[in-house]
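Structure, as structure tokens:
The values are calculated or read from the model by the stated rules, or taken from the named source; none is laboratory data. Since the model is a prediction, treat every value here as computed from it, not as a measurement. Cβ placement follows ideal geometry from the backbone for every residue including glycine, while neighbour counts extend to all protein chains displayed.
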Amino acid sequence: MCQLSIRITDAEGNILAERTSADFVNLVYSGEYHPGDKIVLAAKPRSFLVIHLDDGMNPSFVYMKEPEYTLPIPFAEKRLSYNPKAFSGKIHLLTARTAAEAEISSEKNLAQNEYDSHGNTSCFPHASANVETRDESVFAARNAIDGNTENHSHGNWPYESWGINRDPDAAIKIDFGRTVSIRRIVLFTRADFPHDNWWTRATLTFSDGTSETVSMAKTDRPHSFDMAKDRITWVKMGSLVKDESDPSPFPALTQIQVFGTE
């Protein structure tokens, strides 16, 4: 049994709504969100959950490494990388449940977490990067694991991506929060041509000290790479080499998918 709790708090930490239950919890919040409001998810550490913290977004399979995860409600510029329907309106349905054994054991995209955020240390997977273009939300690392593979433009949702601010030393890291086995990595590079450039080569480095260099081409299609890696806690994509024949300085990553098992 896993005790689950979802609560909404305001900027002063006051609880606006809360629901607690074992293994499955629903919370209906009747009210508009305001700046400073937060969603707080509580669960037993080292538990696998399926969370759906906004009805304008999709569910995510996550691993709770710590007992609480706090998701700030995005406003103003931070809102631009989300579906405009998300976090909007006067009534909201939030749910969380313990994952079924079949969901835990099955092969899946271990990198996807639509509810990731900057500073997340408890609800995995989590994406981070050493650079994000102009620190804008539409170019944040979290965009590369939000499940959205639309890559034909750039900017506001549904065209959010990880932007590297023209930095040749840019790198993105996907932390799984626990040990996993990887079998395939899929990269959706941004394809807003002719605005965009593209990477011809990148290096994937793993927590076990190994690395793999992969080649890519100018395309809007996914790049898929089979690679067997066991007992991995993170993967980093770096050493990015853009095509030198194209004048555009703007390669970017729309989505990284990491398929494997617990």
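Scanning segment 227-249 for residues that are within 21 Å of residue 127 (Cα to Cα) and of a type outside the set (A, V, I, L, M) gives 229, 230, 231, 233, 234, 236, 238, 239. In summary, residue 17 fulfils each of the numbered conditions (1) under 23 Å from the mean Cα position of the chain (by Cα); (2) surrounded by 15 or more Cβ atoms within 10 Å (Cβ to Cβ) with the single exception of condition (1). Within segment 149-179, track down each residue that is assigned to a loop (DSSP other than H, G, I, E, B), in contact (Cβ under 8 Å) with a residue 60 or more places away in the chain and either of a type in the set (A, V, I, L, M) or within 23 Å of residue 211 (Cα to Cα) (or both). If the condition is that a residue be assigned to a loop (DSSP other than H, G, I, E, B), in contact (Cβ under 8 Å) with a residue 60 or more places away in the chain and either of a type in the set (A, V, I, L, M) or within 23 Å of residue 211 (Cα to Cα) (or both), then 164, 168, 169, 170, 171 are the ones that fit.
Against the numbered list (1) under 22 Å from residue 170 (Cβ atoms); (2) among the charged types (D, E, K, R); (3) touching a residue at least 24 places away in the same chain (Cβ under 8 Å), residue 135 comes up short only at (3). Here residue 98 clears all of (1) surrounded by fewer than 23 Cβ atoms within 10 Å (Cβ to Cβ); (2) assigned by TED's automatic domain parsing to the domain that holds residue 191; (3) touching a Ser or Thr at 6+ places or on another chain (Cβ under 9 Å); (4) β-branched (Val, Ile, Thr) except the condition numbered (2).
(1) under 25 Å from residue 11 (Cβ atoms); (2) outside the structural domain of residue 36 (by TED's automatic domain parsing); (3) without any contact (Cβ under 8 Å) to a residue 40 or more places away in the chain: which one isn't true of residue 70, the others all being true? Exception for residue 70: condition (2). Say whether the condition of being buried (at least 20 other Cβ atoms within 10 Å of the Cβ) and among the small types (Gly, Ala, Ser) is met by at least one residue in segment 214-221. Scanning segment 214-221, I find no residue that is buried (at least 20 other Cβ atoms within 10 Å of the Cβ) and among the small types (Gly, Ala, Ser), so the answer is no. Looking only at residues that are of a type outside the set (A, V, I, L, M) and crowded, with 16+ Cβ neighbours inside 10 Å in segment 35-54, which one is farthest from residue 111 (Cα to Cα)? My answer is 37. Filter segment 176-189 down to residues that are within 16 Å of the chain's Cα centre (by Cα) and closer than 30 Å to residue 246 by Cα and give me whichever is surrounded by the most Cβ atoms within 10 Å (Cβ to Cβ). Taking the candidates together, the pick is 189. Restricted to segment 249-262, and to residues there that are in a loop (DSSP other than H, G, I, E, B) and within 17 Å of residue 161 (Cα to Cα), the residue that is farthest from the chain's Cα centre (by Cα) is 249. Is it true that residue 229 is more than 17 Å from residue 108 (Cβ to Cβ), touching a residue at least 40 places away in the same chain (Cβ under 8 Å), buried (at least 16 other Cβ atoms within 10 Å of the Cβ) and among the basic types (Lys, Arg)? In short, no.
Selection of strands (runs of 3 or more DSSP E) fully inside segment 1-66 by the criterion of at least 2 residues being closer than 26 Å to residue 143 by Cβ, in contact (Cβ under 8 Å) with a residue 40 or more places away in the chain and in the same structural domain as residue 148 (by TED's automatic domain parsing) returns nothing. In the set (1) farther than 28 Å from residue 61 by Cα; (2) part of a loop (DSSP other than H, G, I, E, B), the condition left unmet by residue 239 is number (2). The number of residues in segment 180-226 being in a loop (DSSP other than H, G, I, E, B), closer than 22 Å to residue 166 by Cβ and of a type in the set (Lys, Arg) comes to 2.
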